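The structure appears right after this line, and notes come after that.
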Amino acid sequence: MMRAAFIGLGNMGRPMAAALARAGVETRGFDLNASLIEAAAQDGVVAAKSLREAIDGAEVAITMLQSGDQTLAVWREMAPQARGKLLIDCSTIDVESARAAHRLAQDSGALSVDAPVSGGVAGAKAATLTFMCGGAAEAFSAAKPILEHMGAHVLHCGGAGVGQAAKICNNLMLGVTMIATAEAFVLAEKLGLSHRALFDAASISSGQSWSLTSYCPAPKLVPTSPANNDYRPGFMTALMLKDLRLAQEAAARAGAASPLGAAATQLYALHQAAGQGDADFSSIIRLIRGKPSERS
Ligand code: NAD
């Protein structure tokens with residue numbers, strides 16, 4: 001039986017580790033928060049008392065953490081035991097830290113993949129995540145069958161750090177199109193155009209986007225919209241803001257222009273400051289209406 005270590009058993013990591021255990025991989029879980037280790041044990045994940053115990057004897061170690069600093073700290077701690085193993089980071093982090101993590105793995109004699117996800121907690125629970133992977137072909141081939149236990153799509157986007165690039169570029173498009181869609185619905189309200197009429201016209205016209213037809217910020221038009229549920233996540237404003245900030249940081253380093261990304265970052269920051277960090281990001285429509293805390 002294959003043995004895996006899973007480090008970081010939070011909102012995403014716990015259901016991902018559970019999916020791996022369900023698939024028959026012996027999964028040892030560790031988190032700094034002991035209560036999360038106990039909770040994961042209820043899902044068939046073997047409790048480890050330390051990072052060292054989790055990775056001892058494992059062929060693969062997966063990290064699902066909050067930031068580049070956390071990933072680098074954990075990967076540094078794993079380095080002495082990493083030779084011959086496969087290290088996979090599924091966290092969403094900055095491209096520079098992801099590349100530094102790959103270098104650490106290489107220096108330790110380990111294969112490595114950056115594999116941030118799209119699909120959120122619901123996708124993690126249903127094991128239908130999309131993994132956007134960066135790393136050498138050999139490392140990706142080793143990681144793919146493992147990631148397939150937790151996801152529906154496992155894509156090789158390119159070399160080290162390029163999985164993170166794919167994730168932040170995708171969320172840059174998403175963050176901006178959501179605001180544009182929200183602006184159109186608020187303008188429609190002022191022009192006497194009903195939400196339904198705008199939706200019916202734009203969803204078969206050139207204004208169509210995923211933000212409109214899968215995640216419409218106006219309620220009662222798309223069954224999967226958090227708007228139908230008073231903008232309960234979903235994908236929190238705080239996480240969209242995190243990803244847009246990573247995109248802005250990457251754009252500044254790379255010398256790429258990102259004027260709409262910059263504006264979107266500021267708008268989600270305002271929305272968070274108005275107390276909406278925990279609401280789904282499509283609730284940005286309420287900020288555009290000038291009523292960020294309004295309930296529907
Ligand atoms: P989370 O805060 O719920 O979980 C992170 C866990 O890492 C925490 O439980 C924390 O205790 C643990 N941790 C931190 N340092 C550690 C260490 N040194 N050793 C062991 N454990 C440690 O976060 P989350 O919502 O699960 O998100 C994880 C990552 O996935 C983030 O990078 C996030 O941006 C990304 N992501 C989240 C979502 C989502 O909907 N939540 C969607 C896509 C991507």
Self-check item: Members of region 200-217 that are more than 13 Å from D280 (Cβ to Cβ) and buried (at least 20 other Cβ atoms within 10 Å of the Cβ)
Solution: L212
Quiz prompt | Every residue from region 129-156 that is assigned to a loop (DSSP other than H, G, I, E, B), in contact (Cβ under 8 Å) with a residue 12 or more places away in the chain and closer than 23 Å to E26 by Cβ | solution = H149, M150
Practice problem: State all residues of region 77-126 that are away from the ligand (no atom under 15 Å from the Cβ), in a loop (DSSP other than H, G, I, E, B) and crowded, with 18+ Cβ neighbours inside 10 Å; if no residue qualifies, say none. | Solution: A82, K85, A110
Exercise. Considering (1) β-branched (V, I, T); (2) more than 8 Å from the ligand (Cβ to nearest atom); (3) in contact (Cβ under 8 Å) with a residue 60 or more places away in the chain, say which one V74 fails and leave the rest.
Key: (2)
Quiz item: Looking at L221, L246, L287, L241, which one is away from the ligand (no atom under 15 Å from the Cβ) and buried (at least 20 other Cβ atoms within 10 Å of the Cβ)?
Solution: L287
Quiz item: So how many residues does region 158-171 have that are within 16 Å of the ligand (Cβ to nearest atom) and closer than 18 Å to G68 by Cβ?
Solution: 9
Quiz item: For region 2-20, what are the residues that are in contact with a strand residue (DSSP E or B) (Cβ under 6 Å, 6 or more places away or on another chain) and open to solvent by 20 Å² or more (accessible area, probe 1.4 Å)?
Solution: R3
Quiz item: Does L260 satisfy the condition of being buried (at least 17 other Cβ atoms within 10 Å of the Cβ), under 28 Å from Q164 (Cβ atoms) and of a type in the set (A, V, I, L, M, F, W, C)?
Solution: no
Quiz item: Can you tell me how many residues in region 226-273 are modelled with pLDDT of 95 or more and assigned to a loop (DSSP other than H, G, I, E, B)?
Solution: 6
Exercise. Test A180 against the criterion of being more than 30 Å from A227 (Cβ to Cβ) and either away from the ligand (no atom under 16 Å from the Cβ) or touching an Asp or Glu at 6+ places or on another chain (Cβ under 9 Å) (or both), and give yes or no.
Key: no
Quiz item: Looking at region 66-92, which of its residues are touching a strand residue (DSSP E or B) at 6+ places or on another chain (Cβ under 7 Å) and not charged (D, E, K, R)?
Solution: T71, V74, W75, M78, L86, L87, I88, C90, S91
Exercise. Please determine, by comparing only the residues of region 30-53 that are within 9 Å of the ligand (Cβ to nearest atom) and open to solvent by less than 40 Å² (accessible area, probe 1.4 Å), which one is farthest from L9 (Cα to Cα).
Key: L51
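The values are calculated or read from the model by the stated rules, or taken from the named source; none is laboratory data. Quick caveat: nothing in here was measured; it's all calculated off a predicted structure. Glycine gets a Cβ as well: all are built from the backbone with ideal geometry, and neighbour counts include every protein chain shown. Only protein heavy atoms, including side chains, enter the accessible area calculation; ligands, DNA and RNA are left aside. Shrake-Rupley method; radii C 1.70, N 1.55, O 1.52, S 1.80 Å.
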